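See structure below.
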Amino acid sequence: MLVVHGPNLNLLGERSPDVYGSQTLEELNAQIQRHAEARGVAVEFFQSNHEGAILDRLHEARRRVDGLVINPGALAHYSYALRDAIEAIGLPAVEVHLSNVQEREPFRRVSVLAPVCLAQIHGKGVQSYLDGIDRLLSHLRGVQALDSDSPTA
Ligand code: DQA
């Protein structure tokens, strides 16, 4: 699985700790890594403050990974380019947010990515990512089960 962190998430730990917690991105990734390992899932991480770099990474990973957990940061609220990229790569994706975007400023309630993601998980801190991994995993296992049910030629 590919775990992507969007703009400003490199500043975790010092950026509004009352909203986003005091963990650094490195610490958060280590927790996600342990969670994934315990489930036998390999994860890779990518953070960028640049929309185009995120798009490039999604394109590059599209045939290498099985799914995407993405905290798009503010891109969630307006990036149709990111929306189109998620749709174009055809990987199952879960959108996650550390904070409760539904109970903050009105612009954060809008996600232009929601229509192309399996789910949006928000407001749980690092647990949003962990639940995102699990959501993706149960989706992938469901797809696998369906595949093995289907008759072989
Ligand atoms: C965020 C929420 C976004 O609205 C914000 O722009 C972020 C972080 C979160 O994880 O809660 O950068 O995605």
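The values are calculated or read from the model by the stated rules, or taken from the named source; none is laboratory data. This is a predicted model, so every value here is computed, not measured. Every residue, glycine among them, receives a Cβ derived from its backbone with ideal geometry; neighbour counts consider all protein chains shown. In case anyone asks, the SASA skips ligands and DNA or RNA and just uses the protein heavy atoms, side chains included. Shrake-Rupley method; radii C 1.70, N 1.55, O 1.52, S 1.80 Å.
In Å², and per residue, what accessible area does the chain have when probed at 1.4 Å with the other protein chains present?
About 51 Å² of surface per residue is accessible.
Compute the signed sum of charges (Lys and Arg +1, Asp and Glu -1) over the other residues within less than 14 Å, Cβ to Cβ, of residue 46.
Local net charge: -2.
Go through segment 70-79 residue by residue and turn each phi into a ³J(HN,Hα) via Karplus (6.51, -1.76, 1.60, θ = phi - 60°); whole Hz please, and just put x for glycine and proline.
Working through the residues one at a time gives 10, 9, x, x, 5, 4, 3, 8, 8, 8 Hz.
Just want to confirm a number: the relative contact order over the chain, from Cα pairs under 8 angstrom separated by 6+ residues, in percent.
Result for the chain is 24 percent.
In segment 30-130, which trypsin sites (Lys or Arg not before Pro) fall in coil by DSSP and have 15 or fewer other Cβ atoms within 10 Å?
Qualifying residues, ordered by number: 39, 62, 63, 64, 104.
Give me the extension gain from residue 105 to residue 84: residue separation times 0.36 nm, minus the current Cα-Cα distance, reported in nm with one decimal.
In short, 5.1 nm is gained.
If a/c stays under 1.5 just call it rounded; otherwise compare a/b with b/c (prolate if a/b is bigger, oblate if not). Do that for segment 98-142, with a ≥ b ≥ c from the square roots of the Cα gyration tensor eigenvalues.
In terms of gyration-tensor shape, oblate.
Rounded if a/c is under 1.5, else prolate if a/b is larger than b/c, else oblate: which is segment 15-93, with a ≥ b ≥ c the root eigenvalues of its Cα gyration tensor?
oblate
With springs only between Cα atoms under 10 Å, which of 68, 82, 11 fluctuates most in a Gaussian network model of the chain?
Greatest mean-square fluctuation among the candidates belongs to 11.
Using amide H atoms built in the peptide plane, which far-off residues or other-chain residues are under 5 Å from residue 100 H to H?
Counting only residues 5 or more places away or on other chains, the set is 123.
Once the Cβ-Cβ distance between residue 141 and residue 11 is put in as r, and R0 is 35 Å, what FRET efficiency do you end up with, to the nearest 0.05?
The pair residue 141/residue 11 has a calculated efficiency of 0.50.
Given the -39500 (n - 2.57) contribution per DSSP H run of 4+ residues, what per-residue ellipticity at 222 nm results for the chain, rounded to the nearest 500 deg cm²/dmol?
-13000 deg cm²/dmol
Picking from 142, 132, 73, which is most flexible by a Gaussian network model of the chain using Cα springs under 10 Å?
142
Using just the alpha carbons, could you tell me how many Å³ per residue the convex hull of the chain encloses? Display every interim value, and only then the final one.
On the way: hull volume 16.7 nm³, N = 153.
Each residue corresponds to 109 Å³ of Cα convex hull volume.
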